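Read the structure below first, then the notes.
Please treat every number below as a calculation from the coordinates, not as lab data. Note that the coordinates shown come from a computational prediction; the quantities given were computed from them, not determined experimentally. All Cβ positions, even for glycine, are placed from backbone atoms using ideal geometry, and neighbour counts span all protein chains on display.
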Amino acid sequence: MIYVGEFNTLKAKRQTDNGYYLCCNEDFEVLLPNKYVPKDFAVNDLLDVFVYKDSEDRIVATTQEPKVIINEFAFLRVNDVSHYGAFMDWGLEKDLLVPFSEQRMKMEAGRFYVIFAYLDSQSGRIVGTNKWNKHIIDIEEEYQEGDEVDLLIANKSELGFTAIIDDHAKGLIYHNEIHQDLNIGERVKGYIKTIREDKKVDLMLHKVGLERLDEYSQIMIDALKKNNDFLPLHDKSTPDEINATLAMSKKTFKKAAGILYKKKLIEITPEGIRKLVSGEEE
């Protein structure tokens, strides 16, 4: 079976003047136009292709890679707006349509938006929706606290940043736990912090525990090296001062400094922390 809106591994069945017809069985075949045919391609060769409807509403194959496939989320730019809706750049010749009925607000040419791509059951076309919330589902049962996940930063609010988890669920990263710049549409690694009884998910950008603290300790050592082995940070430094210098919270700063102190790699003074020249870094 050939799946529209997805990548398919198909075999070249026959060649015509317009290109190769590909298939996976005898019941259905799809055209790969000549402009997408790889060099030295021949009948009976297998090829990974993306299948969709072209501008003439024909099901065709392409070796171009779209920026999103069906049932996935993406952050795309609007190329044009017409009376049909917004046409988005998704990496193929035919733009991805987001109809007006699928826009949370009127979309504008040149701007980027988070969208969800799906296969319209009536037209058989791949379309996008900016009303991506209705395609979010509960986080799956196999996820556990501490699991690493892929995040798409989707929205910013007073509480923090909403992120889409592994292209199906959503969670929240609170502002007070963010110590790096985040932008809407950015994809980052994150971790499950808490899964509540109502299936709402709290996220974090860094793994907790000794493993992460050791990483922060290395960040502190690297910063000391760049600043002549001294940082003017101490117990009375404000959280903003620590975050601006080391991109970590004050609580994490104190724990990381404690690890380095126990390893005799730094000394802690009222003026700041100093790297011990005689200390042996692990």
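Within region 31-46, residues that are without any contact (Cβ under 8 Å) to a residue 40 or more places away in the chain reach partners that are surrounded by 12 or more Cβ atoms within 10 Å (Cβ to Cβ) and among the charged types (D, E, K, R) with beta carbons closer than 9 Å, at six or more positions or on different chains, in the pairs P33/D54; P38/D45; V43/K11; V43/K13; N44/K11; N44/K13; D45/K11; L46/K11. Of all residues in region 168-199, exactly one satisfies the criterion of being of a type in the set (D, E), in contact with a strand residue (DSSP E or B) (Cβ under 7 Å, 6 or more places away or on another chain) and either over 24 Å from A74 (Cβ atoms) or surrounded by 15 or more Cβ atoms within 10 Å (Cβ to Cβ) (or both), namely E177. Summed over region 78-111, the residues that are assigned to a strand (DSSP E or B) and either surrounded by fewer than 16 Cβ atoms within 10 Å (Cβ to Cβ) or among the acidic types (D, E) (or both) give a count of 4. Looking across region 112-130, the residues that are of a type in the set (S, T, N, Q) and either touching a Lys or Arg at 6+ places or on another chain (Cβ under 6 Å) or surrounded by fewer than 17 Cβ atoms within 10 Å (Cβ to Cβ) (or both) come down to S121, Q122, S123, N130.
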